[in-house]
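Enquirer: Please find one structure pasted underneath; my questions will follow.
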Amino acid sequence: MSHGPKTRIPIWILSAVYFAFAAPVPDTLREAAHHSGIFIGTAVRPAQLSEPAYAATLAREFNMLEPEDALKWEVLRPDPQSFDFHQADQLIDFATRHNMKVRGHTLVWHRQTPVWLTAGSFTPDQLSKLLEAHIKTVVGHYRGKIFAWDVANEAFDEGNRAGQLRSTIWYDQPGIGDAQQGSAYLARCFRWAHDADPQALLFYNEAEAEEINRKSDAIYAMVRDFKRQGVPIDGIGFQMHLAMQTGAAPPDFASISSNIARFTALGLQVHITEMDVSLSVDANGNASNADLQQQATIYRQIAQACLAHPGCTAIQTWGFTDKYSWIGSHSRKTRGAALPFDRNYQPKPAYEALRDALESAHPVAGR
Ligand code: 9MR
């Protein structure tokens, strides 16, 4: 038996082949999210799309967006008869061009409503017709384009009244006809939205209900009841606006994880919908390095808490650059620096933490 000369493949060819075919290390949030089978999104304002760095970062890093204000009554409804879809359409066109999903926010909320609505004197019957027409027209307009809607937002009160329904124009001032009947008015809204787009996922979105507390207990009772009655609800949005105070305790991650677990156990999806982590900032808007590092840990742990549950299917930040965030304007600029990119679109430690968490999560069946 003759042995021919052994063919030796040079090491440089082997390495080239290895690097060409080995799984590439994701270098954007979007790639990392794709790996773990989750959506990574952010809230967006149309005026900023014309800024090249804003648009490029948005398209490169995210596979989902949500109009921050453009789908609220204040913007959509200049008067009782008309609808102005112009701003939201721009955002949805951007999403389509960049292969991104769109979340819709929000149909029933007590804020950002037009003056003609709040200052008008409508009967419950008139309000009910207005709200039904609004929900059906808006959801219908975006049928097949908006995959998930925050049907209702922040319907539960806060502070001493946490866990009780908030008094609003839609509930009992004068309400759409179900005043004092608990969440019946919300159930009607979910049904209207479902009629307009049976494929859209319908969410209830809330602030300060991330941990197990009075508010999240009340929401849990409501959605369990909705499931029993056959009200079409698919998910819960936990906003996750966190504030890091120097010296204060961090969020209770174990409680957040148990809360996600109990809602997903009802067969609901969970989306983290509005995450930001505000820090103390100096007069130039800068936070300390130590705070930026701790902020990164919070982003990582929240992402891990979501990724640990197959039913937690999206993580979204409320904006992505510190250049544009609602925090500054609501804190007289003593707080800020809440997002994963700084004001010059440079990634912060929070960005690396989020990407690492997404990248190291195991793809989970069912997500
Ligand atoms: O980021 C939004 C900001 O531009 C608006 O001025 C503000 C008005 O209330 O609403 C902000 O978004 C809110 C979201 O719609 C619901 N959850 C809380 C968000 C931050 O206030």
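Enquirer: Scan segment 183-200 and tell me whether some residue there is closer than 16 Å to Met222 by Cα, more than 22 Å from the chain's Cα centre (by Cα) and part of a loop (DSSP other than H, G, I, E, B).
Expert: yes
Enquirer: Test Ser255 against the stated conditions and say whether it is within 18 Å of Tyr299 (Cβ to Cβ), hydroxyl-bearing (Ser, Thr, Tyr) and either at pLDDT 95 or above or surrounded by fewer than 21 Cβ atoms within 10 Å (Cβ to Cβ) (or both).
Expert: Yes; evaluated as a whole, the condition is true for this residue.
Enquirer: Are any residues in segment 303-323 more than 15 Å from the ligand (Cβ to nearest atom), surrounded by fewer than 23 Cβ atoms within 10 Å (Cβ to Cβ) and under 15 Å from Leu242 (Cα atoms), and if so, which ones?
Expert: none
Enquirer: Among (1) assigned to a loop (DSSP other than H, G, I, E, B); (2) within 13 Å of the ligand (Cβ to nearest atom); (3) closer than 22 Å to His194 by Cβ, where does Asp69 come up short?
Expert: (3)
Enquirer: Just the residues that are in contact with a strand residue (DSSP E or B) (Cβ under 8 Å, 6 or more places away or on another chain) and surrounded by fewer than 18 Cβ atoms within 10 Å (Cβ to Cβ), please, taken from segment 178-199.
Expert: Gly182
Enquirer: I'd like to check something: does segment 100-117 contain any residue that is outside any strand (DSSP E or B), within 21 Å of Glu274 (Cβ to Cβ) and more than 16 Å from the ligand (Cβ to nearest atom)?
Expert: Yes, that holds for at least one residue.
Enquirer: Does any residue in segment 324-336 that is closer than 14 Å to Met244 by Cα come within less than 7 Å, Cβ to Cβ, of a residue that is small (Gly, Ala, Ser) and near the ligand (Cβ under 9 Å from one of its atoms) six or more places away or on a different chain, and which pairs are these?
Expert: Gly336/Ser325
Enquirer: Any chance segment 339-360 includes a residue that's over 26 Å from Ile212 (Cα atoms), at pLDDT below 95 and either part of a loop (DSSP other than H, G, I, E, B) or among the polar types (S, T, N, Q) (or both)?
Expert: yes
Enquirer: Check off (1) more than 16 Å from the ligand (Cβ to nearest atom); (2) in a helix (DSSP H, G or I); (3) surrounded by 13 or more Cβ atoms within 10 Å (Cβ to Cβ) for Tyr171 and give me the number that stays unchecked.
Expert: (2)
Enquirer: Enumerate the pairs (first residue in segment 215-243 and over 16 Å from Glu274 (Cα atoms); second residue anywhere and of a type in the set (S, T, N, Q) and assigned to a helix (DSSP H, G or I)) with beta-carbon separation below 6 Å, excluding pairs fewer than 6 apart on the same chain, so at least 6 apart or on different chains.
Expert: Ser216/Asn259
The values are calculated or read from the model by the stated rules, or taken from the named source; none is laboratory data. No experiment lies behind these values; they were computed from the predicted model shown. No Cβ is skipped: glycine too gets one built from the backbone with ideal geometry, and neighbour counts run over all protein chains shown.
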